[in-house]
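The values are calculated or read from the model by the stated rules, or taken from the named source; none is laboratory data. Here the structure is a predicted model, which means the values were calculated and not measured. Don't worry about glycine lacking a Cβ; one is built from the backbone with ideal geometry, like all the others, and counts go over all protein chains shown.
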Amino acid sequence: MAELITYRDAVKRAIAQEMRRDDSVYLIGEDVGDAGGVFKATKGLLDEFGPVRVRDTPISEEAILGAAMGAAMTGLRPIAEIMFSDFLATCWDLVAVEMAKTRYMTDGQVTLPLVIRTANGGGLRFGAQHSQAVENWAMAVPGLKVVAPSNPHDLIGLFAAAVRDDDPVLFFEQKSLYPTKGHVEEGEIVEELGTAKIVRSGTDVTIVALASMVRRAEQAADELAEQGISAEVIDLRSLVPLDATTIIESVVKTSRLVTVEENPRLCGWGSEVVSLVAEEAFWHLDGPLTRVTTPHIPLPSADALEDEVLPSVQRIVDGCVKAVS
Amino acid sequence: MAELITYRDAVKRAIAQEMRRDDSVYLIGEDVGDAGGVFKATKGLLDEFGPVRVRDTPISEEAILGAAMGAAMTGLRPIAEIMFSDFLATCWDLVAVEMAKTRYMTDGQVTLPLVIRTANGGGLRFGAQHSQAVENWAMAVPGLKVVAPSNPHDLIGLFAAAVRDDDPVLFFEQKSLYPTKGHVEEGEIVEELGTAKIVRSGTDVTIVALASMVRRAEQAADELAEQGISAEVIDLRSLVPLDATTIIESVVKTSRLVTVEENPRLCGWGSEVVSLVAEEAFWHLDGPLTRVTTPHIPLPSADALEDEVLPSVQRIVDGCVKAVS
Amino acid sequence: MVQARFPEPVSDELLDIEDKTRLELYRQVVRLRRFEERAYRLFMDGLVKGTSHLSLGMEAIAAGVATAMREDDYTFCTYRGHAHTLARGVPMDAVMGELLGRQSGVCGGKGGSMHLTSVEHGVMGSYAIIGAHLVIANGAAWSASERGTGQVTVAFFGDGATNIGAFHEALNFAKVWELPIVFVCENNLWMEYTPIDSVTAVEHPAADRASAYGLESIIVDGNDPDAVYDVASRAIGRARSGGGPSMIEAKTYRHGGHSRADPGTYRPEEEVEAWKARDPLGYRDRLLALGMDEAELVAIEDEADADIDAASEAAKAAPLPDLEAAYTNVWADGGWSWRN
Amino acid sequence: MVQARFPEPVSDELLDIEDKTRLELYRQVVRLRRFEERAYRLFMDGLVKGTSHLSLGMEAIAAGVATAMREDDYTFCTYRGHAHTLARGVPMDAVMGELLGRQSGVCGGKGGSMHLTSVEHGVMGSYAIIGAHLVIANGAAWSASERGTGQVTVAFFGDGATNIGAFHEALNFAKVWELPIVFVCENNLWMEYTPIDSVTAVEHPAADRASAYGLESIIVDGNDPDAVYDVASRAIGRARSGGGPSMIEAKTYRHGGHSRADPGTYRPEEEVEAWKARDPLGYRDRLLALGMDEAELVAIEDEADADIDAASEAAKAAPLPDLEAAYTNVWADGGWSWRN
Ligand SMILES: Cc1ncc(C[n+]2csc(CCOP(=O)(O)OP(=O)(O)O)c2C)c(N)n1
Ligand SMILES: Cc1ncc(C[n+]2csc(CCOP(=O)(O)OP(=O)(O)O)c2C)c(N)n1
Ligand SMILES: [Mg+2]
Ligand SMILES: [Mg+2]
């Protein structure tokens, strides 16, 4: 029987599922214990797993990720929380230069089964330093896996896959999704990294979206249907590994591509998807490849301004209309 | 009269040109003074400008960039050296979250006329933590200007433009180019940011390259000419602002595009250029858009391996042949 | 090592401070209190969006330090920066406008509660990344000393910030370059929901570390406006006369939660009560005991009430930003274009 | 505060160390010296590509600490890590092979001089970003204590690393979590080309800071194998028995330049000479004075000579890596693919 739960509660369930299964899984981060995290997504875990396996840290992002990395290379499977994804910048060396490269530099001697989970993205009026969507920062660095679920079910299944994976995985929880709900069946849920999902079939245009943008893409598809345009919507779910096959097969069918990103425009994952298609499916295309993104600006705080710049359903519709015209 | 000087010496000349002109220009960084920098590119500046304007710092990358930022907002025009561009990861918060956003967040109250210069890229067998080409990290962050010259003349002219610009500029000196030479005329040299240069005209395919890849693209064009393929080579010079006009006009003429990047594959600047063309010049295209990049892997240290993975002239030739076929 | 969790007994020694300065300190404390109380109410009413971090109970620090500053000095503060911004003389309505995301806000609504900035008042910004502003503040201090202006920089931060790398780099750098800067740690015993003494092994997270960089450091009762004013005057004076950087650790407590609607219930009730009994507003009693005229104090209070009412009304009435404002001031040319 | 730029007088006190341990210390110092001399020659011959950072003159630290470690303990070191890697028992030819970028190298040529790693010997990596490995080392220590193995982690670093943020975060974290880790600062007075005392305002950049985190700290003559062995044994023993982290600052000096072909001429000649007079190899005289048999020492030296010759020849003769090696071990599945 499926239960309706929030994305927020799915985080807790996902962590608990993995911590119950495997004693070597630990959760560390700022305020993750008694406080249950600033987004209350880890509330209750301290009670179940105790203060040794669920542990508060100082405000020391480099020390948090260093601890996770050193522990992962010596037998634990740590989950480290970086409270807001913006703060990854304060420990980017650990992510991009240490974790991402150590296995390769040591020719496979070091294995790093760890997950960094972090609250990503805008929409909460937190301003430019607490609202960034930075999944593309991670995608640009070889050696990192990158996951960003759009709903509670996928969150649990992909999180389980991330914890069980032997490589460092950046797990982006979209903070605007925490209060949203979805149906989740009982029992263990495990999905596979690198598998996109076609959440709606269509024939005229392929819309590729991620995390918070998936729901908007579906809403856009509804509106497009009213205009007689049949849109296929792909929830990318993971950026690395990338499910290139699903994207290309869809574009071969629809001949048109629109990507929808919350992150700023330049060098986002959309540009990678567009480039992939422009190289590998070029002869199947019937129109310009279009990206809908946040413009290349920092995010403003005021609600009216933030709403203005994040990709809206209307802008997705417009992008698709342009692509098929 | 033009003189033949190295890219390394061009750095010194560029900094001296600006420090002579404007007393508010300072140079700070690790070992930049007496030692003249680890690449000897700042040798002699201490003698000319003294230890107040050319100043060694502790090994504290965040403190270096913090000092530059705070000084820029209050009347100086600092040049901060980050010794290797890899080390930007240790101070990425200052770059991506503070410098890039502060003007916007304060609605223009704060102006940040500063330059971060840094040695970028591979080819010197330094291994994965001292060889990254990370210009795309900066391009992905709104609020940063990004420059990467390919030769001594451009280095001086673009550096002058960067110092005179009122926004934060990341200035990538490609370390494999330091010993290379080019002709530089006497007197002050100032170029404009955001202007690409067509370094070779052609009609069959447009090759867009940056920094170390420009010379290889030209060599590839030579080889292609022998095969009867006429390649136009564009030296991009600056990523932000991006000279979209020059790229698009060239592709409208040639109908084919190949980008050549030293950075790893995913979400590089090449993906942005390809996406731009795929959206705005789609109907002019006669073949798949192709990117030649370092594969999406960390850089290995051994010379044979490093040479294997960096884009070679042969791979550029192959990419162009594929694009025109 | 466990920190004292309760306020230390107040020193009986009466500092030698002029009456008009004392009145100014009182005026500051009252205005900051009124502002924060109103900001909380407007947050609960849904008018302040996003988040906001109040200095309720901590007002004496911003008040004391700002009163000791010269008009052209610089301050750098954190996301918890309403008080520090107001104390430098930024008008209440511009601050309230920013909290409400209005065009009238100090940052035109683009910054919000966590990013209050008013360069014309020397308020060089509120930064939401722990520790970052400490290194940036060094830069302003460096620039002032190069320009020979005599300006001093003050950087406020929390106890939790003492464990992040930037704190370390900032202190060492400031000392080695002998910068005219004063670091002010507002030690309110708690980070967000976790006590500082659970993640730090020394008693005074800021002061006990200053010596590791060669900085002078001083611990002060952060709820006593006189005491704060006194140590700040001396530290600022020393920085201004070329004596280099110093560290002030001010012991204080927040009356409310960390941010937004947090009720702060994770804290032991006796702890909260003990600190509330040491409310900086208790300063009023000292002023009366010193023989000041109560009418003067009431006038200050009335003025603050009137001002906060006016500021709230003005902010509520102010227009939302033009949507085009989203596309301005990415670059110094005023625009946002990344291409030609 | 200016640091002592010349070696402190050696203590006359004779430590109580077994003869066979002393012979092992001597064997280590000799082997590390021979290796570094040869690495320098091969660099000058163009056979070591890229860069290399030698521990010439600093061998007693790696020798003394490694000799005090248990076989399954962990070490983390920097780009200047040949000595620390060899001292844990990694064969010379695998290290030399890595320097020469050969298939036989510990990392198959993919790491190079700056990234020597041999997990089977507890050498958990050489890291080229200043300070980063200090926080990573904490993780290994945490894991060992969770797994209850009694393993201790040692992290080596330079004086220059004491000014980077990660140093600060690492020390505080280690103490708050009471980790079984020993931080060993090799203070050779210089960073690259700049003296540490020009960018640090305290006399002992590592030891003077340890107290700011509640760590025990000890300063030792880093050129005396006995002294290093002694303090390391105690610090490691304490960590192993649950006594938490500590900091050792070992005073030393590099005989040569910072890296590659740097002649190190920026350093005053008297300083270099004074330190060369305190060469760790002087340990030989102490052993003779203690009545040890010179023939045993000669045998150790001969063995080292033979080993380094063999290792160099083996490395030179070893094949270059297969080009396909460039595409392996990005991921745990052995491959590099980022897509399906
Ligand atoms: C680098 C970084 N890490 C974490 C946070 C999230 N955060 C915001 S406030 C806070 C607590 C700060 O505590 P303290 O420094 O004592 O200041 P206070 O809020 O008590 O004034 C934390 C962890 C952040 N903003 N930046
Ligand atoms: C974050 C970072 N900044 C700068 C460098 C460049 N760098 C390499 S070694 C070095 C000097 C280090 O000095 P010290 O810590 O004393 O170690 P030593 O080389 O003397 O052993 C510097 C600045 C680096 N590798 N990483
Ligand atoms: Mg606090
Ligand atoms: Mg050193």
Restricting the range C:140-162 to residues that are polar (S, T, N, Q) and within 19 Å of the chain's Cα centre (by Cα), the one farthest from ligand 1 (Cβ to nearest atom) turns out to be C:Gln151
Mind checking whether some residue in the range A:79-90 is in contact with a helix residue (DSSP H, G or I) (Cβ under 8 Å, 6 or more places away or on another chain), at the interface with chain D (Cβ under 9 Å from one of its Cβ atoms) and buried (at least 24 other Cβ atoms within 10 Å of the Cβ)? yes
The condition of being assigned to a helix (DSSP H, G or I) and over 22 Å from B:Pro113 (Cα atoms) holds, among B:Ser176, B:Ser150, only for B:Ser176
Of the listed residues (B:Val205, B:Val214), the one being crowded, with 20+ Cβ neighbours inside 10 Å and under 13 Å from B:Leu236 (Cα atoms) is B:Val214
For A:Leu310, the lone unmet condition from (1) within 27 Å of B:Val97 (Cα to Cα); (2) aliphatic (A, V, I, L, M); (3) buried (at least 24 other Cβ atoms within 10 Å of the Cβ) is (3)
Restricting attention to the range D:313-326, the residues that are crowded, with 16+ Cβ neighbours inside 10 Å and over 12 Å from B:Pro300 (Cβ atoms) number exactly 3
All-but-one check, C:Asn329 against (1) within 14 Å of chain B (Cβ to nearest Cβ); (2) surrounded by fewer than 19 Cβ atoms within 10 Å (Cβ to Cβ), failing number (2)
Residues of the range B:289-312 being at the interface with chain D (Cβ under 7 Å from one of its Cβ atoms), aliphatic (A, V, I, L, M) and in a loop (DSSP other than H, G, I, E, B), in sequence order, are B:Ile297, B:Ala302
- Query: Regarding A:Ile28, is this residue in contact with a helix residue (DSSP H, G or I) (Cβ under 9 Å, 6 or more places away or on another chain) and within 20 Å of A:Leu177 (Cβ to Cβ)?
  - Reply: no
Tell me, yes or no, whether the range C:189-201 has at least one residue that is more than 30 Å from A:Leu88 (Cβ to Cβ) and modelled with pLDDT of 95 or more. no
Within the range A:269-288, the residues that are under 21 Å from B:Ala100 (Cβ atoms) and more than 14 Å from chain C (Cβ to nearest Cβ) are A:Trp269, A:Gly270
Of the residues in the range B:222-257, those that are more than 17 Å from B:Leu285 (Cα to Cα), in a helix (DSSP H, G or I), aliphatic (A, V, I, L, M) and in contact (Cβ under 8 Å) with a residue 24 or more places away in the chain number 1
In the range B:117-134, anything out of contact with any Ser or Thr (no Cβ under 9 Å at 6 or more places or on another chain) and either part of a loop (DSSP other than H, G, I, E, B) or not assigned by TED's automatic domain parsing to the domain that holds B:Thr42 (or both) is listed as B:Gln129
Of D:Val123, D:Val152, D:Val119, the only residue that is without any contact (Cβ under 8 Å) to a residue 24 or more places away in the chain, away from ligand 2 (no atom under 16 Å from the Cβ) and among the aliphatic types (A, V, I, L, M) is D:Val119
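This table checks each residue for (1) hydroxyl-bearing (Ser, Thr, Tyr); (2) under 26 Å from A:Trp137 (Cβ atoms); (3) within 16 Å of ligand 4 (Cβ to nearest atom).
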residue	(1), (2), (3)
A:Ser24	yes, no, no
A:Thr42	yes, yes, no
A:Phe49	no, no, no
A:Arg53	no, no, no
A:Glu81	no, yes, no
A:Trp92	no, yes, no
A:Thr102	yes, yes, no
The one condition D:Val298 fails out of (1) in a helix (DSSP H, G or I); (2) touching a strand residue (DSSP E or B) at 6+ places or on another chain (Cβ under 7 Å); (3) aliphatic (A, V, I, L, M) is (2)
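Let's see how each residue does on (1) aliphatic (A, V, I, L, M); (2) within 16 Å of ligand 4 (Cβ to nearest atom); (3) more than 14 Å from chain B (Cβ to nearest Cβ):
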position	(1), (2), (3)
D:Tyr253	no, yes, yes
D:Gly256	no, yes, yes
D:Pro263	no, no, no
D:Arg267	no, yes, no
Please work out if C:Gly282 is over 18 Å from C:Arg80 (Cβ atoms) and either modelled with pLDDT of 95 or more or in a helix (DSSP H, G or I) (or both). yes
Given the conditions (1) more than 17 Å from the chain's Cα centre (by Cα); (2) surrounded by 24 or more Cβ atoms within 10 Å (Cβ to Cβ); (3) among the basic types (Lys, Arg), every one holds for A:Lys175 apart from (1)
### Query
Does the range D:267-278 contain any residue that is more than 16 Å from ligand 1 (Cβ to nearest atom), within 30 Å of B:Phe126 (Cα to Cα) and not in a helix (DSSP H, G or I)?
yes
Counting only residues that are within 16 Å of the chain's Cα centre (by Cα), more than 7 Å from chain B (Cβ to nearest Cβ) and surrounded by 24 or more Cβ atoms within 10 Å (Cβ to Cβ), the range A:243-267 contains a total of 5
Inset, instruction - May I ask you to verify whether A:Gly37 is over 21 Å from the mean Cα position of the chain (by Cα) and not acidic (Asp, Glu)? - result: no
Expected single match for over 24 Å from C:Arg88 (Cβ atoms) and away from ligand 4 (no atom under 16 Å from the Cβ) among C:Val199, C:Val152, C:Val231 is C:Val199
